[in-house]
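Below: the structure, in structure tokens.
The values are calculated or read from the model by the stated rules, or taken from the named source; none is laboratory data. Source: prediction; values computed, not measured. FYI the Cβ positions are ideal-geometry reconstructions off the backbone, even for glycines, and counts take in every protein chain you see.
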Amino acid sequence: MAAHNLKHALFCAIVTLVISYPILGFNLESQGTSVILEGAKTSTVIGVLLAAVIVFLFQLFRDNVMGSLRQLPAVNPLANRKPMEQSRRLKLESALLTLMVIGALIWPFIASRGAVDLATLVLIYIMLALGLNVVVGLAGLLDLGYVAFYAVGAYTFALLSQYYGVSFWFALPIGALLAALFGLVLGFPVLRLRGDYLAIVTLGFGEIIRILLNNMTSLTGGPNGIGGIPDPTLFGMEFGRRVKEEGNTSFHETFGIAYSSEHKVIFLYLIALVLAVITAIAIRRLMRMPVGRAWEALREDEIAAKSLGLSRTAVKLSAFTIGAFFAGFAGTVFASKQGFISPESFVFLESAIILAIVVLGGMGSQMGVILAAIAVTILPELAREFSEYRMLIFGAAMVLMMVWRPQGLMPMRRIHIELKPQE
Amino acid sequence: MLEVQNLSMRFGGLLAVDQVSLDVQEHEIVAIIGPNGAGKTTVFNCMSGFYKPTGGKILFEGREIQGKPDYKISRLGLVRTFQHVRLFGRMTVVENLLVAQHRHLNTNLLSGILKTPNYREREQKSLDRAAYWLNRVGLMDMANREAGNLAYGQQRRLEIARCMVTEPKLLMLDEPAAGLNPAETKDLNQLIISLKEDYNVSVVLIEHDMSLVMDISDRINVINQGRPLASGTPDEIRRNDDVIKAYLGEA
């Protein structure tokens, strides 16, 4: 063991102590009107010390530990097999996807109400992440204010229904198009920006939208939000117990079945599912079209792309616009699902989570992004007891991913293109 | 077809290019040579729209193009390569060629999403064109490799193929032989001549490899310290005393 290993391990242990002792080792107790500082319980102090010792030992024997880990026989028996043939893989993939969609269609009728509700949220996040994937994963434009477009979609529906009584189905395209317009508007000032600078401006844009919604009290109700957003209807059939709007019928009466509040939840889930599938297919197509390749070309080398006649303006704006469009979709569904929205739902943390989904899933990879969206949305629900440590776990997961799989869960795979041999 | 008149480019106090003139006729290979830092690439950058020249005119097929944005110039049929290869590294070789053909595939979004027959037909055409050029530069076997993983010589050839699928009228090559071994240089030599002979493309190239320049150029322009030093056929240049002093070196 080299001396510098010992030094390093000592240093790490001290850092652990310095960081954790002040946080965990002291308690603030209120006595009457004053607050006094007390030492924590002995068990906590021992825990902190133990943690420091563990860190010290791990760092001291790090090389051995990591080395023996590497020598473990491959845990994954599939790791060394040959890659599948292209045509077979494609067939398998499409079969698997079809099965997944069919399963997702049947599933809500057997699952519990809460699970279906959560699944709707997952689908909304899938839409958002797929949209952001266009901007970040394909076009390489780091957008930290993506939630703004989500908010635009949600508020469009909320405001239209409140002031003009517009129904979900009309508001859906309007919300998406308005969000796309906002994407276009944001695109113009940031055309020349890249990397960090772009991130800062988009971050600012996201905050501007949220603060605007918060402060335009007369229009948006400010922090009180907007409630009473109607549920979607199925060909004029409402899902409530009683019909709210003149001329509509209710779903359970039309079909002569007993009223159940589950109908509405399932219906919303199915809408979200259809929209998510449409989003996935549309973006999948776009990726293989000239515009999709242009996004990637711009990410890879802006100068070369321009020298081949690609207009930077058009390519960047199209990425922003299309990304925002799908966020608008998701926003409208979200507003309808919640029935109530306020600026609280559109804080920076949302942007960060969506971005985390894209990064975790693998930039540019649709399957990866979908898997990551499911994982990131469902895991916190499963680990409700740890909800205080949610962000801690989230952060740790991100760090671990960056160490072990920096390219994401399922990195993007290039599309194999068959060429006809030329004479 | 291309005429550069009294081109000047000033960066602050530095006059990088001073009153350079040159012209390229159809069906011609013109070389620009000169010592390092002479301003050759700056001339290129002005011609391809990466810089806005501070003085002079650039006429392409009779139209003034100086100061136009780069992507518009390339759409006119004036396409360039770079001194350091600039491929789309994480995209496959075919995709590199397809990106370049975006204008031939200029369809609206909807027809692409719905895969209309018209769209398919155009896509097939651009695939065929890509296949043709891959064959031509001998990269057919690499078609689905990532461009960044190719050997350097292959990357060079791919860059030229990527320019050619745009069907340019004038090709500008910035040191195409840099980093190639003698055998590869010879292949390149033949490729450039065939571009002129078989595809009727004019070529302007910057090059330090004198054997390549002397072999294939119809005319040569020599630039030294931003100023034009001489121009003429390879034979004239070889015998020009100024050029020998400044660049070729006395034998």
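Considering the range B:111-128, the residues that are more than 9 Å from chain A (Cβ to nearest Cβ) and in a helix (DSSP H, G or I) include one that is surrounded by the most Cβ atoms within 10 Å (Cβ to Cβ), namely B:ARG122. Beta carbons closer than 9 Å, at least 6 apart along the sequence or on distinct chains, pair a first residue in the range A:270-283 that is farther than 19 Å from A:SER365 by Cβ and among the hydrophobic types (A, V, I, L, M, F, W, C) with a second that is modelled with pLDDT under 95 and surrounded by fewer than 19 Cβ atoms within 10 Å (Cβ to Cβ) for A:LEU270/A:LEU105; A:LEU273/A:VAL101; A:LEU273/A:ALA104; A:LEU273/A:LEU105.
Just so you know, in the range B:11-52 the residues that are of a type in the set (Phe, Trp, Tyr) and surrounded by fewer than 21 Cβ atoms within 10 Å (Cβ to Cβ) include one that is farthest from the chain's Cα centre (by Cα), and it is B:PHE11. Taken residue by residue, the range A:167-185 has no member that is in the same structural domain as A:LEU268 (by TED's automatic domain parsing) and modelled with pLDDT under 85. Here the strands (runs of 3 or more DSSP E) wholly within the range B:198-251 that include at least 3 residues being closer than 20 Å to B:LEU170 by Cβ and touching a strand residue (DSSP E or B) at 6+ places or on another chain (Cβ under 7 Å) are B:202-206, B:219-224.
For the range B:140-162, the candidate set comprises residues that are away from every other protein chain (no Cβ under 11 Å) and in a loop (DSSP other than H, G, I, E, B); within that set, the residue that is nearest to B:LEU97 (Cα to Cα) is B:LEU150. Which one is nearest to the other protein chains (Cβ to nearest Cβ) among residues in the range B:43-86 that are free of Cβ contacts under 8 Å to residues at least 60 places away in the same chain and polar (S, T, N, Q)? The extreme case among them is B:ASN45.
Condition check for B:HIS102 on (1) part of a loop (DSSP other than H, G, I, E, B); (2) not assigned by TED's automatic domain parsing to the domain that holds B:ALA130: one failure, at (2). Number of residues in the range A:338-358 that are surrounded by fewer than 23 Cβ atoms within 10 Å (Cβ to Cβ) and in a helix (DSSP H, G or I): the value is 11. Among the residues making up the range B:210-221, a single one is modelled with pLDDT under 90 and under 26 Å from B:MET9 (Cα atoms): B:VAL213. Taken over the range A:278-335, the criterion of being more than 7 Å from chain B (Cβ to nearest Cβ), surrounded by 21 or more Cβ atoms within 10 Å (Cβ to Cβ) and charged (D, E, K, R) is satisfied by A:ARG299, A:LYS316.
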